[in-house]
Structure formats: structure tokens, C-alpha cells
Amino acid sequence: MRTAGDLLIQYDLTQGGTNPQLFLSEWVTTGAGSLCEASNSTPCWGERDNLSASGLATGSINTSPIPVAESDGLTTVNPISPRTFGEASVNFSAIVGSGCVAFGSAYLKSRSSDSFTAALKDFIAPLDTGINNCGALKIVKTKKHAASVPSTQPHAGVVFGVTGGTLPAGTTVTTNASGVACIAGIDPGSYTVTETVPANYAVTSANPQTATVVEDTTCANATPVTFTNVPLTNITVSVDSLIPGGTASTIDCDAAADPPFDFTTPAGGDGSFTLSNKVPGTYVCTIIVDP
């Protein structure tokens with residue numbers, strides 16, 4: 001299936017099959033039929049650019065027999081006949097520009113003449129090109145959950161803001177059921193990733209983090225940045241004077257804090273003190289009951 005921006009490089013043999021000329025067309029999905037090389041409506045292959053004339057490509061073909069000894073194993077008996085082997089060199093960077101480009105696969109087909117609409121003859125299935133100067137930014141998000149086994153779980157539905165490169169302002173991604181979010185096909189370089197921490201959780205990793213996008217990486221093989229969260233807990237300490245007003249109590253939790261977490265009961269001797277949104281850890285409260 002063709003998509004917008006697909007490239008067609010034509011290797012035409014003119015002057016009796018002795019003069020290779022290379023042309024470039026781009027797949028056009030919308031617009032007027034005048035954009036097409038050999039069609040009246042889009043989608044179509046766009047008008048051809050002559051790569052040979054612009055110095056962006058060159059081609060050659062053997063005009064004399066290639067001896068068996070020089071055939072690189074293509075033949076072992078008879079020489080290769082004239083005009084049966086051609087090659088081309090294309091300035092790929094000039095064609096696609098300097099930005100992020102992934103040229104994933106290429107295929108070859110031959111036609112009965114150098115006419116754009118000539119009958120199709122031979123076809124070689126697509127092969128990977130290995131040309132990819134784009135990269136992927138991968139985020140892995142986990143959470144702790146004491147009642148689950150294992151206690152570290154993927155965290156779905158978490159939103160991350162990403163800035164850097166040529167990404168539009170306000171770019172966000174959301175983790176999937178596996179706790180993974182990824183942006184593929186972006187320029188290599190440094191990006192800033194910021195987690196929008198879900199309610200009732202605390203982030204225990206650095207936030208934001210710097211992610212380095214490396215060229216020729218995808219969501220499958222990119223080195224991720226990892227964020228971890230832990231659930232928060234409210235801690236409440238209560239006292240209840242069995243004789244109304246008979247005792248007064250002081251609840252002191254983490255006296256070294258500034259301000260200290262402490263509470264003194266009113267005249268009735270009853271009350272409670274709550275520490276809110278606490279991350280997992282050890283908390284020591286001292287209760288002094290004074291009759």
C-alpha cells in the first residue's frame with residue numbers, strides 16, 4: 001500500500017538501451033490531476049524530476065561483454081552480454097533533505113520500454129534498505145502496588161509531555177496497558193520528558209528527565225526513559241479520653257520536621273491528627289497522655 005511521500009526512482013535506458021537516465025517521482029494523495037505524471041486524478045505518481053540532469057544521480061550499463069572472471073560469480077560459463085547489467089548512484093540526502101527520514105524498504109520492477117505507463121515485466125519483492133536517520137523516544141512507566149504479585153506493575157493511562165527537536169508545542173503521549181508510550185520517526189537529539197503525576201501517587205524517579213533519541217531506532221529497540229510511582233497513604237492517630245476532659249494528650253509525629261507534625265487535644269481530651277499524602281516509609285509518632 002502506497003502512502004504520501006513514497007518515492008519512485010526510475011532508471012530509464014534511452015538511445016537503444018545505452019544511455020541510463022534517472023528520474024524521481026513522489027506519491028501524491030491529494031490535489032489536482034495536473035500534479036500527476038501519467039494520470040488524471042490523485043492519488044498518483046507526481047511529475048518526474050530528472051535526477052541525471054540535476055546531477056543528483058548517475059547510471060551506467062555494460063556496453064561490452066563482462067568476462068566470467070569479472071562477473072563476481074553471476075556467471076560461471078559464458079560472459080555477461082552487453083546491456084544486461086546496470087547500476088546507479090543516487091544522492092539520497094539531496095533528494096529527501098536533511099531532516100528525519102526513514103527509507104524502510106525498496107523494490108524493483110522493470111517495464112517493456114522507458115514510457116512511464118509501459119507494461120510491467122519483472123518484479124523483485126521489497127527488501128529492507130537499512131536507511132533510517134530517525135529515532136524513537138520510548139517511555140516506560142511503572143507503579144508499586146502492595147497487593148499485587150509482582151508488586152511492581154505497568155502503569156497505564158499516564159500522560160507525559162515531551163519537548164525538543166521539531167515536536168509541536170504541547171506534544172503529549174499516554175502510556176498503554178503495558179505502561180509504555182513511544183514517539184517514533186523523530187529527529188535524533190535531546191528531549192525533555194515530564195510526567196503528569198496521577199492523583200494519589202508520588203513520583204520516585206527524576207521528573208522531568210532528559211531522553212536521548214538515537215538515529216536508526218524504533219519503539220522496539222530504543223533505550224527507554226523509566227518513571228516510577230508509589231501510592232500515597234494518609235496516616236491518622238486518634239485519642240479518646242474515657243473520662244471527658246479527664247486527660248489531655250499530645251500527638252507528636254516527626255518532631256524534627258519544620259514545622260513539626262504535632263497536635264494537642266482540646267479541653268475534652270479527644271481528637272485525632274492526620275498526616276496526609278505520605279510516601280511509603282517508616283513514621284514514628286509519640287503520644288503523651290497527661291492526666
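Odds and ends about this structure:
- Reachable aspartates and glutamates from residue 278, criterion Cα separation under 18 angstrom, eight or more residues apart if same chain: 252, 254, 258, 262
- Residues 230, 77, ranked from the fewest to the most other C-beta atoms within 10 Å, line up as 77, 230.
- Mean Cα-pair separation over length for region 233-290, i.e. relative contact order, pairs under 8 Å, 6 or more apart, %: 46
- Computed from Cα atoms alone, the Kirkwood hydrodynamic radius reported for region 44-202 is 21.3 Å.
- Value of relative contact order over the chain, rounded to a whole percent, pairs C-alpha under 8 Å and six or more apart: 11
- With the Kirkwood sum run over all distinct C-alpha pairs, region 103-166 has a hydrodynamic radius of 17.5 Å.
- Excluding same-chain neighbours fewer than eight residues apart, the aspartates and glutamates reachable from residue 109 by a Cα-Cα span under 13 Å are 12, 122.
- D_trans [Stokes-Einstein, Kirkwood Rh over alpha-carbon pairs] for region 10-81, 10 °C, 1.306 mPa s, µm² s⁻¹: 107
- Radius, Kirkwood style, for region 233-290 when every pair of distinct Cα atoms is counted (Å): 11.9
- Rounded to the nearest 20 debye, the dipole size of the chain about its Cα centre is 640 debye, using +1 on the Cβ of Lys and Arg and -1 on the Cβ of Asp and Glu.
- Other residues lying with their Cβ under 14 Å from the Cβ of residue 22 contribute a combined charge of -3, Lys and Arg counting +1, Asp and Glu -1.
- Here is the list for region 1-100: trypsin sites (Lys or Arg not before Pro) lying in DSSP coil, each with at most 12 other C-beta atoms within 10 angstrom of its C-beta, are 2.
- The chain - Debye-derived log10 I(q)/I(0), Cα point model, q = 0.12 Å⁻¹: -0.96
- Qualifying chymotrypsin sites (Phe, Trp or Tyr not before Pro) in region 218-291, DSSP loop, other Cβ atoms within 10 Å at most 15: 283
Every number here is computed from the coordinates shown, using simple stated rules; none is lab data. None of these values were measured; they are calculated from a predicted model. FYI the Cβ positions are ideal-geometry reconstructions off the backbone, even for glycines, and counts take in every protein chain you see.
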